[in-house]
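Peer 1: Before we start, here is the structure in question, set down as structure tokens.
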Amino acid sequence: MMRKNVEVAHARGDYQILCDFVVPQAKVLDIGCGKGELLELLVNLRQVDGRGIEISQAGVNECVARGLSVVQGDADKDLDAYPDAAFDYAILSQTLQATMDPKQVLIELLRIGKKVVVSFPNFGHWRNRLQLLWRGRMPVTDYLPYEWYNTPNIHFCTLRDFLALADEVDARVLRAEALDAKGKPIVYSGPWWLRNLISDQAIFLLERK
């Protein structure tokens, strides 16, 4: 138990929230799993049967060194290799905006996973809007630190954009959390247009209608 408490204490805030979206002992596919921090947390805290796919060979190597089952692959090209409803959860954490075709990736996630968890940065935050309005330049913030020419994020969206996309691909939102830049929940029960102004990022739990 002490190990789990230490892991939670050092985990990214959004990872802690995301773990709460997943039921114990579920079968999970983490797409774009990076160095495996989230997948390792899910294995240790939720006892999931975890698998991962990561485009970077260095990331795959680090995941394997952690004892995780991860293969090299591209979310835009390789998800069609997985059978329908092969996993209880398909997870895409802070990766949707870096894919070439976010709509098709989301369709594939909904096919592969009985439920889908997606997190992403919210480009509609009031600070981003203010930078565009007053500076006339693409926003650079602590949470979005890249310049427009070197960012890995090629398809920015807002919370309202994502809700519209979810509706377009016939996905039902089961749960959603608006978060600040540190991954802490924003305690607010008002309309989504206002959450769209004050949220740095968000996590959504989806399923097919």
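The values are calculated or read from the model by the stated rules, or taken from the named source; none is laboratory data. The shown structure was predicted, so the numbers you read here are calculated from the model rather than taken from an experiment. Heads up, the Cβs are rebuilt from the backbone with ideal geometry, glycines too, and the neighbour counts pull from every protein chain shown. All accessible areas refer to the heavy atoms of the entire protein, side chains included, with ligands and DNA or RNA removed. Shrake-Rupley method; radii C 1.70, N 1.55, O 1.52, S 1.80 Å.
Peer 1: Run through the DSSP bridge list for the chain and note the antiparallel percent, rounded to the nearest 5. Please list the in-between numbers first.
Peer 2: Values: 15 of 33 bridges.
Expressed as a percentage, antiparallel bridges in the chain total about 45.
Peer 1: Only four residue types carry charge here, +1 at the Cβ of Lys and Arg and -1 at the Cβ of Asp and Glu. Report the dipole size of the chain about the Cα centre in Debye, rounded to the nearest 20. Don't skip to the end; give the middle numbers.
Peer 2: Details: 25 positive and 27 negative charges, 122 e Å.
Here the chain has a charge dipole of around 580 debye.
Peer 1: Let me ask something else. In terms of modelled amide H atoms, which long-range or inter-chain residues lie less than 5 Å from the amide H of Lys27?
Peer 2: Asp49, Asp88, Tyr89
Peer 1: Roughly what angle does helix 102-112 make with the longest principal axis of the chain, taking Cα atoms, 0 to 90 degrees, to the nearest 10?
Peer 2: Tilt of helix 102-112: around 30 degrees.
Peer 1: Taking 27 Å as the cut-off for C-alpha to C-alpha distance, list the pairs among Lys115/Lys184; Lys35/Lys209; Lys35/Lys184; Lys184/Lys209; Lys182/Lys209; Lys35/Lys77 that go past it.
Peer 2: Numbers: Lys115/Lys184 23 Å; Lys35/Lys209 33 Å; Lys35/Lys184 22 Å; Lys184/Lys209 29 Å; Lys182/Lys209 32 Å; Lys35/Lys77 20 Å.
Table pairs above 27 Å Cα-Cα are Lys35/Lys209; Lys184/Lys209; Lys182/Lys209.
Peer 1: Can you send over the carbon and sulfur percentage of the accessible area for the chain, probe radius 1.4 Å, protein chains only? Please list the in-between numbers first.
Peer 2: Working: 5760 of 10750 Å².
Answer for the chain: carbon and sulfur cover 54 percent of the accessible area.
Peer 1: If you don't mind, another one. Leaving out same-chain residues fewer than 8 places away, which aspartates and glutamates sit with a Cα under 16 Å from that of Lys27?
Peer 2: Excluding near neighbours in sequence, the set is Glu40, Asp49, Asp84, Asp88, Glu207.
Peer 1: Trp193 to Gln57: FRET efficiency via 1/(1 + (r/R0)^6), r the Cβ-Cβ distance, R0 41 Å, to the nearest 0.05? Could you put the intermediate results ahead of the total?
Peer 2: On the way: r = 42 Å, r/R0 = 1.02.
Once the sixth-power term is evaluated, E becomes 0.45.
Peer 1: Okay, next question. If each residue of separation counts as 0.36 nm, what is the full-extension length gain between Arg137 and Val173 once their alpha-carbon separation is subtracted?
Peer 2: Working: separation 36, 0.36 × 36 = 12.96 nm, distance 3.31 nm.
Computed gain between Arg137 and Val173 is 9.7 nm.
Peer 1: Let me ask you something else. By how many degrees, between 0 and 90 and to the nearest 10, does the Cα long axis of helix 159-168 differ from the longest principal axis of the chain?
Peer 2: 60 degrees
Peer 1: Could you give the accessible area per residue of the chain, probe 1.4 Å, as a whole number in Å²?
Peer 2: Details: 10750 Å² over 209 residues.
Heavy-atom accessible area per residue stands at 51 Å².
Peer 1: Given an 8 Å cut-off on Cα distances and at least 6 residues of separation, report the relative contact order of the chain as a percent.
Peer 2: Details: 388 pairs, mean separation 40.4, N = 209.
Over the chain, the number comes to 19 percent.
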